[in-house]
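FYI, it's all coordinate maths here, none of it is from the lab. These numbers were taken from a predicted model, which means no experiment stands behind them. Note that each Cβ is placed from the backbone with ideal geometry, even for glycine, and that neighbours are counted across all protein chains shown.
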Amino acid sequence: ATGSLDASNMFKPALARGEIQCIGATTLDEYRQYIEKDGALERRFQKIIVQPTDIEETINILKNIKEKYESHHNVNYTDDAIIACVKLTNRYISDRFLPDKAIDAMDEAGSRVHITNMDVPKNIVELEKNLEKIRIDKNSVVKKQKYEEAAKLRDDEKRIEKELILAQEKWHEDLKKHRETVTEDDISDVVSMITGIPINKIAKAELNQLSNLDKKIKGRLIGQEEAVLKVVKAIQRNRAGIKDPNKPIGSFIFLGQTGVGKTQLAKILSDELFNGNDSLIRLDMSEYMEKFAVSRLIGAPPGYVGYEEGGQLTEKVRRKPYSVILLDEVEKAHPDIFNMLLQVLDEGTLTDSLGRKIDFKNTVIIMTSNLGAREVKDFGNGVGFGTEALKAQESKNIRNTIEKSLKKAFSPEFLNRVDEIVIFNSLEKEDLKKIINIELQNLLKRIKDIGYDVKISSKAINFLCDKGFDKKYGARPLKRAIQKYVEDLLAEEIVKTKLTVGDAIMIDWDGKSDKLTTKNSK
């Protein structure tokens, strides 16, 4: 209450007369909350803002204090480990400051190495087991009032206790003589556990992984060599350290007709680059068509329901900072979302509704869109033979149409911040023959898991290609053809108990009918 004698009012007279000297430390938020609003208390202190140390200063600090941590954890830190503490925490831990986060990483790495390599000698383990057994036996005989046996067990207990203490002292002395070494890899492991970012893989296998990335993706995504190359080049630029480190790893707009592999490329990229689909943050932008839905990305504003729950985008990135963000069908979202994304694409950060800065520097941002697909669908092939020149001209016309639609839908400042605008090719029949092999492999694996060995003839594959080819709709008609002619056929055979577990089944086409046939070879 006003006028009450709290600690600040007790300090003020003594501070004014110079009877006491005081040095205080607090955060900016707490200073504003408790001290700044009391003007009389504030003017009795000289305010000094302490900035975070830079990398060189932090390395010197860690070198000066490492002896205390070495003796505490009984380890030795290499110079590379000290440098890694500073550089890795500075790069990957964005919500804390140097030198604090570097010291924490050094401390945790030392503790982890010490505990991991600590092997308790067998004689100590045996003594502890014997001691525990004697104590149980002693309590048992005391309850039975066999005091002579209890006295003997008590003497044995004291003797083993002394032996155990001596063995432990000898073990601790031996530990001090032999210290484990904390290396750069140990620091990488600790920072990886703190952030969820697989830093060890970045340090070791990344060059090999990135050099083969385009081959791996092309093996899983058919007919989109140019799109794959553009994406891989942008990622290689960033991970080689050439690109601006304050921006996301890459930002892309994937354009093209439906069913050509736009969303599939995002899934494959997540799997190959970040080792698993769990690092894919997928947001269906058709859910954000209304103006009020935009705030769901960063969280509800103060005074609204769900204020403290965080945003659907910001909270996921905060939990998994190393991920692929897929904004699917982005043209369907409200235009205000693109204004919000400007900061993410330019600075690699976004402030959520609670005022926290979320770091997007370790994310790949992919936006997919079907802009121009309707206009492209109405294109005719013209009169004459399908020559290469005619196909090239058609491809050029499609690209021009899509680019015009893109410029109408998005603002120039938004397009200017995107790394690459990738236009996907229409799929040809030759591409479909490669895609069907990938799709059938997945299907045959599922069927094998339930106990059937299925093989499909080349005639049946050609039949499926013919039924599933539609240039305007990409690979999706092929999936429907597989579902209709293969999955339904096998499901019917299984339901009617014509097949038993362990059967070998051949799926074939007779060349005339409009369906496939099965042949069972038990």
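Couple of notes before you dig in:
- Between helix 336-347 and the chain there is an angle of about 60 degrees, using the helix long axis and the longest principal axis of the Cα atoms.
- Working from Cα pairs under 8 Å separated by at least six residues, relative contact order for the range 446-522 is 37 percent.
- Positive-end residue of 337, 452, 506, charge dipole of the chain with Cβ unit charges: 506
- Residue 488/residue 225 FRET efficiency (R0 30 Å; Cβ-Cβ; nearest 0.05): 0.30
- Note on the chain: antiparallel DSSP beta bridges, both residues inside, total approximately 25 percent of the bridges counted.
- Between residue 215 and residue 29, the modelled label-to-label distance comes to 5.0 nm, taking each label 7 Å out from Cα in the direction of the beta carbon.
- Degrees, to the nearest 10: 7-17 long Cα axis against longest axis of the chain: 60
- Chymotrypsin sites (Phe, Trp or Tyr not before Pro) lying in DSSP loop within the range 24-92, provided at most 16 other Cβ fall within 10 Å: 45
- Computed from the C-beta positions of residue 80 and residue 515 and an R0 of 60 Å, the FRET efficiency is 0.35 to the nearest 0.05.
- Considering only beta bridges that DSSP places wholly inside the range 408-522, some 60 percent are antiparallel.
- Student exercise, the chain dipole from Lys, Arg, Asp, Glu Cβ charges, in Debye to nearest 20: 1400
- Axis angle, to the nearest 10 degrees, between helix 225-239 and the longest C-alpha principal axis of the chain: 20 degrees.
- Long pairs among 320/467; 233/320; 101/316; 408/472; 320/408, criterion Cα-Cα beyond 31 Å: 320/467; 320/408
- Residues of type lysines that residue 47 reaches as a straight line, Cα spacing below 24 Å, ignoring anything fewer than 8 places off in the same chain: 12, 37
- Identified option (computed Cα extents along the principal axes in Å; candidates (1) 122, 58, 53; (2) 100, 75, 47; (3) 105, 58, 47): (2)
- Pairwise label distance in nanometres, residue 96 with residue 455, each label 7 Å out on the Cα-Cβ vector: 6.0
- Straight-line reach from residue 144: taking Cα to Cα under 28 Å and skipping same-chain neighbours fewer than 8 places apart, the lysines in range are 129, 133, 152, 158, 162.
- Dipole magnitude (debye, nearest 20) for the range 427-468, charges at Cβ of Lys, Arg, Asp, Glu: 140
- Placing +1 on each Lys and Arg Cβ and -1 on each Asp and Glu Cβ, with no other charges, gives the range 416-510 a dipole about its Cα centre of roughly 180 debye.
- Distance between modelled label sites at residue 55 and residue 415, nm, 7 Å Cα→Cβ extension: 3.7
- Prolate/oblate/rounded call for the range 10-125, Cα gyration tensor, a/c under 1.5 rounded: prolate
- Positive-end residue of 55, 65, 28, charge dipole of the range 25-72 with Cβ unit charges: 28
- Only Cα pairs under 8 Å and 6+ residues apart enter the sum, and on that basis the relative contact order of the chain stands at 12 percent.
- Cα lying deepest toward the dipole's positive end in the chain, options 348, 99, 269, charges on Cβ: 269
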